[in-house]
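Beneath this line is the structure, given in structure tokens, with notes to follow.
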Number of protein chains: 2
Amino acid sequence: MTATRPPRADAVRNRRLLLAAAADEFAEHGLDASVADIARRAGVGKGTVFRHFATKDDLVAAILTDRMDALHHLGERLLASGDPAAAVREFLTAAAAQRQERDLSFLAAATESMPEVAAARDRMMATIDAVVARARDHGAIRADITGTDVFLLMCAPNYVAGYVPDAVPDLWRRYLAVILDGLSPEGAQPLPIQPPTLT
Amino acid sequence: MTATRPPRADAVRNRRLLLAAAADEFAEHGLDASVADIARRAGVGKGTVFRHFATKDDLVAAILTDRMDALHHLGERLLASGDPAAAVREFLTAAAAQRQERDLSFLAAATESMPEVAAARDRMMATIDAVVARARDHGAIRADITGTDVFLLMCAPNYVAGYVPDAVPDLWRRYLAVILDGLSPEGAQPLPIQPPTLT
DNA sequence: TAGCAAGTTGACCGCGCGGTCCGGTTAGTG
DNA sequence: CACTAACCGGACCGCGCGGTCAACTTGCTA
């Protein structure tokens, strides 16, 4: 048996500091944020970064899985609540709000092949599927929309709003509203092209 | 007076080769595509790149202005044609098709501060404003949508479709249809947040 | 066809990156 | 309290980048 000791207190603290600093640094400078800057921001040496995360990609993966799991848990809570239509609306709103605070969506492309990230995404996808299926069954959203569609459309409001130079706070709400109108059964035209499946 | 000679024939050819090679290389490797690779792909030396474009950013700017001007001219043609609703639909379809062939939308962020790019964007924006205003006046799209809104929403279908791993051709059409339904007056809920203005 | 400005080339430069490594430090244990 | 394994820090490495330059080649003109 590998009876591993619990990690030292400072190691736990530094790991948390590093994740926070990295999220901030990536949000400000994109994927090009340097490991040295992240270490400086966290107040530790560069070597400490690589002790906790073998490569820069592993660090990115850790941030992403944390964020996706947060949405996963939110989805489960919404499923337990009553209103199927509100659940979809609130899920998409929360996802956009998370991205508004710190837009890290570009990190997804960099780590799509890492199994831990894929697993977290699958967990989140399963929850979205459930939320969307329930709303569809209640006629709260159009019949030809799948969970995968909603997953893909999730990031669009922030992406769109991000093109405005001096960040208008909450502008994403405007485009989320447009997309929600597009998802509603009212006045829906038939969709071309079959819905996609992931992996 | 500065009576400049016309450029030499090989210089004109190389400039064209470089723009094409750079567009391909950026589409494949993102903004990180190296100048050396672009030169190799165009079949010229690295020095030649910097003779035509003072910096890598200038090269990016040249590609972007070309593409935006193409859409600008399309918009003008659509304005001359009859159907206001079809004009919006066709403009957005063409914009998405351009991005489908080679997605270079990420280049915009890198050069947003360059005046020549801003000028090309403003030309395109003016055309979009006209196309959207005409459609709005005819009741073809909802009353609370502006040209800037459409400009911002333009890239969303490709962005959304781009998250699917093994590129489903024309998947963007599905999400363009969702957004077009969201832009239609039918079943439109009031939008939160005022429409943005650029610069 | 002679002359030359314009164009081309690839070796070269400095820089900052991701990642390594080892000597010094410190938190937890018996 | 003394010991030690885990942890930390930052100098260091090799690499590939954007950009420069001086020697060479070539399309145009008179």
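Annotation note: Cβ proximity below 6 Å between a residue of segment A:52-68 that is within 14 Å of chain B (Cβ to nearest Cβ) and a residue that is of a type outside the set (D, E, K, R) and more than 12 Å from DNA strand C (Cβ to nearest atom) (sequence gap 6+ or interchain) occurs for A:LEU64/A:LEU107; A:LEU64/A:VAL117; A:MET68/A:ALA120; A:MET68/A:MET124.
The sole residue among A:ALA108, A:ALA61, A:ALA97 that is in contact with a Ser or Thr (Cβ under 6 Å, 6 or more places away or on another chain), assigned to a helix (DSSP H, G or I) and hydrophobic (A, V, I, L, M, F, W, C) is A:ALA61. In the set B:THR55, B:THR48, B:THR93, only one residue is open to solvent by 20 Å² or more (accessible area, probe 1.4 Å), near DNA strand D (Cβ under 10 Å from one of its atoms) and within 28 Å of A:PHE106 (Cβ to Cβ); that residue is B:THR55.
Restricting to segment B:152-185, name every residue that is under 24 Å from A:VAL164 (Cβ atoms) and surrounded by fewer than 19 Cβ atoms within 10 Å (Cβ to Cβ). Talk me through it step by step, then tell me what you get.
Here is the first cut: in segment B:152-185, the ones under 24 Å from A:VAL164 (Cβ atoms) are B:152-163, B:172, B:175-176, B:178-184.
If the condition is that a residue be under 24 Å from A:VAL164 (Cβ atoms) and surrounded by fewer than 19 Cβ atoms within 10 Å (Cβ to Cβ), then B:GLY162 is the only one that fits.
The number of residues in segment A:1-41 that are within 11 Å of DNA strand D (Cβ to nearest atom), under 23 Å from the mean Cα position of the chain (by Cα) and open to solvent by less than 30 Å² (accessible area, probe 1.4 Å) comes to 2. Every condition in (1) under 25 Å from A:ASP57 (Cα atoms); (2) of a type in the set (A, V, I, L, M, F, W, C); (3) open to solvent by 40 Å² or more (accessible area, probe 1.4 Å); (4) more than 9 Å from chain B (Cβ to nearest Cβ) holds for A:LEU107 except the one numbered (3). Is it the case that some residue within segment A:93-101 is more than 9 Å from every other protein chain (Cβ to nearest Cβ), closer than 17 Å to B:PRO195 by Cβ and not acidic (Asp, Glu)? There is no residue in segment A:93-101 that is more than 9 Å from every other protein chain (Cβ to nearest Cβ), closer than 17 Å to B:PRO195 by Cβ and not acidic (Asp, Glu). Here A:GLY47 fulfils each of the conditions (1) within 14 Å of chain B (Cβ to nearest Cβ); (2) more than 28 Å from A:GLY147 (Cβ to Cβ); (3) within 9 Å of DNA strand C (Cβ to nearest atom) apart from (1). Kindly establish whether B:ALA135 is over 13 Å from the mean Cα position of the chain (by Cα), more than 8 Å from chain A (Cβ to nearest Cβ) and either farther than 28 Å from A:MET125 by Cβ or open to solvent by 30 Å² or more (accessible area, probe 1.4 Å) (or both). Yes: the conditions hold for B:ALA135.
Residues checked against (1) of a type in the set (Ser, Thr, Tyr); (2) in contact with a helix residue (DSSP H, G or I) (Cβ under 8 Å, 6 or more places away or on another chain); (3) outside the structural domain of A:THR111 (by TED's automatic domain parsing):
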site: A:ARG13; (1), (2), (3): no, no, yes
site: A:ALA27; (1), (2), (3): no, no, yes
site: A:ASP32; (1), (2), (3): no, no, yes
site: A:GLY45; (1), (2), (3): no, yes, yes
site: A:VAL49; (1), (2), (3): no, yes, yes
site: A:ALA62; (1), (2), (3): no, yes, no
site: A:ASP66; (1), (2), (3): no, yes, no
site: A:LEU78; (1), (2), (3): no, yes, no
site: A:SER81; (1), (2), (3): yes, yes, no
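When you check B:GLY30 against the structure, is it part of a helix (DSSP H, G or I) and either on the phi > 0 side of the Ramachandran plot or of a type in the set (Gly, Ala, Ser) (or both), yes or no?
Numbers: part of a helix (DSSP H, G or I): yes; either on the phi > 0 side of the Ramachandran plot or of a type in the set (Gly, Ala, Ser) (or both): yes.
Yes; evaluated as a whole, the condition is true for this residue.
The values are calculated or read from the model by the stated rules, or taken from the named source; none is laboratory data. All values reported here derive from a predicted model rather than from experimental measurement. All Cβ positions, even for glycine, are placed from backbone atoms using ideal geometry, and neighbour counts span all protein chains on display. For accessibility, only protein heavy atoms count, side chains too; no ligands or nucleic acids. Shrake-Rupley method; radii C 1.70, N 1.55, O 1.52, S 1.80 Å.
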